[in-house]
1. Wholly within region 55-94, which strands (runs of 3 or more DSSP E) include no fewer than the required count, namely at least 1 residues that are more than 57 Å from the chain's Cα centre (by Cα) and either among the small types (Gly, Ala, Ser) or surrounded by fewer than 13 Cβ atoms within 10 Å (Cβ to Cβ) (or both)?
2. Being surrounded by 11 or more Cβ atoms within 10 Å (Cβ to Cβ), of a type in the set (D, E, K, R) and either modelled with pLDDT under 75 or part of a loop (DSSP other than H, G, I, E, B) (or both): is that true of Lys152 here?
3. Show the residue pairs that are 6+ apart or on different chains and have beta-carbon atoms under 7 Å apart, the first residue being within region 42-64 and farther than 18 Å from Glu129 by Cα, the second being basic (Lys, Arg) and at pLDDT 95 or above.
4. For region 96-106, check the following and say yes or no: at least one residue is modelled with pLDDT under 90, under 41 Å from the mean Cα position of the chain (by Cα) and either surrounded by 13 or more Cβ atoms within 10 Å (Cβ to Cβ) or outside any helix (DSSP H, G or I) (or both).
5. Any chance you could count how many residues in region 63-95 are within 20 Å of Pro122 (Cα to Cα) and out of contact with any Ser or Thr (no Cβ under 9 Å at 6 or more places or on another chain)?
Amino acid sequence: MVLSFSTMEKVVGTFVILVLVLLLSMVVLVGRGKDWFRKNVIYTTTFGQSYDLDLNSPVKLFNADIGKVKKINLVGDRVTVTMAIYEEFASRIRKDSTATVEGISYIGKKYITIKPGSESSPPVEEEGEIRSVENKSISDLLKEFEIEKTAKMVIRAVQDLAEITARIKQPEGPLFTAMASVNKSLSEVEKKVGLIMANVEKATGKAPRAVDQVQADLEKVHEIGNELLARIAELKSIIANIEKGSRDIPPVTGSVKNGVSEIRAAVENVDQVVQSLKKNVLIRSNIPPEPQPEAVDAGMR
């Protein structure tokens, strides 16, 4: 028997097939987005409490999602958490790895973070247990930081601060006393500065006259220096003339000596002539007698 379909039936059948293909494609896309078709490796860990973990809470490694929480069971007084880790990250789970519950805040969404172990440690086998590290609760933190003790210390510090503030506000307190002392010191300093400024102004007023007097003295010193230089020049000229005259003295002295020698020779010649004349008979008789010289002490010569 050959079935025959009308055109409308064919159109409806084609539409149904297209819808089924579209639904299947959507399922595949959503499944890939939800990691439905991603191969996982199962591990477990135990905590003292659930820390508000939920199913499908992320499992992180270096803040990167590597799996999800698949099951949370209460076994005795411990909470067993089953995790599905993506197969490509399973090699990072080793014997010395640790699992800790963390979260954005204490009231935010929680997740499990795994700290990888050393490369020398062997990997954890599938469905093996990862060593857990308990997360500190708010009560543990309060106990660790001794909040009550710290609060008492803060209250005591605030009370002390209030007491110090009250003392400072007193008119006879240390603050106002110190301020009065500072004001007094500033007044004295202001007076001394005023005296200094007055003396400086007075000295500044005398400065022009002192400068004029110094200028006049400098001009006199300049005149004396010029006169002294002139006298030094005259002395140099006189010394030069004396030096030149001293060079002329030896020739003049020699000339005088020669003249005296010539005169002496002439006198001796004249004396010889006179003596010759005296010896002449004719002349000797006519010569008057020589006067007798007076006695002269030879020591006077």
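The values are calculated or read from the model by the stated rules, or taken from the named source; none is laboratory data. Remember, it's a predicted structure, so these values are computed and weren't measured experimentally. FYI the Cβ positions are ideal-geometry reconstructions off the backbone, even for glycines, and counts take in every protein chain you see.
1. On the way: elements: 58-61, 64-75, 78-86.
Fully inside region 55-94 and qualifying: 64-75, 78-86.
2. No.
3. Every condition considered, no pair remains.
4. no
5. Final tally of qualifying residues: 11.
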